[in-house]
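Taking it in order: structure first as structure tokens, then the write-up.
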């Protein structure tokens, strides 16, 4: 079965941070930083989605791919939107990316995550735009949507 790495390579896309075994990976843009830690180390890479994989329309900033560490483990995809404050727009960008032809297939066995790294987030009232989006992302895209603070390390 083809992996996302295989598909992106076939389409001619190259990572901005090439695949290498790492315990920690970071990507940043406009003063916002997403960090991931892996124990034990895993092969991973960062692709530019905005202006790279998807050149027009609404799209997120980065895609982090994490290779399986052992047989039977799923490949990991983390869609990252590095944002100032407009969380609603970040959700729309992530949704547009997940719905794009390159990423909309459900045949690939992957662990999907979507992350918004922003300066501030709306208060959780139990029925906020963010809470409704979390439910929608799980149902529609099999993707775990969460927020992170800039520089906060997320474990894989």
So is residue 12 surrounded by fewer than 19 Cβ atoms within 10 Å (Cβ to Cβ) and free of Cβ contacts under 8 Å to residues at least 60 places away in the same chain or not? yes
Taking the stated definitions as given, is residue 96 in a strand (DSSP E or B) and at pLDDT 95 or above? no
So residue 40 fits all but one of (1) surrounded by 13 or more Cβ atoms within 10 Å (Cβ to Cβ); (2) over 27 Å from residue 120 (Cβ atoms); what number is the exception? (1)
State yes or no: is residue 87 touching a strand residue (DSSP E or B) at 6+ places or on another chain (Cβ under 8 Å), buried (at least 19 other Cβ atoms within 10 Å of the Cβ) and at pLDDT 95 or above? no
When residues of segment 52-77 are limited to those that are part of a strand (DSSP E or B) and under 12 Å from residue 111 (Cβ atoms), the one modelled with the lowest pLDDT: 75
Here is a list: 102, 80. Which entry is modelled with pLDDT of 90 or more and part of a loop (DSSP other than H, G, I, E, B)? 102
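The values are calculated or read from the model by the stated rules, or taken from the named source; none is laboratory data. Keep in mind the model is a prediction, meaning the values are calculated, not measured. Glycine gets a Cβ as well: all are built from the backbone with ideal geometry, and neighbour counts include every protein chain shown.
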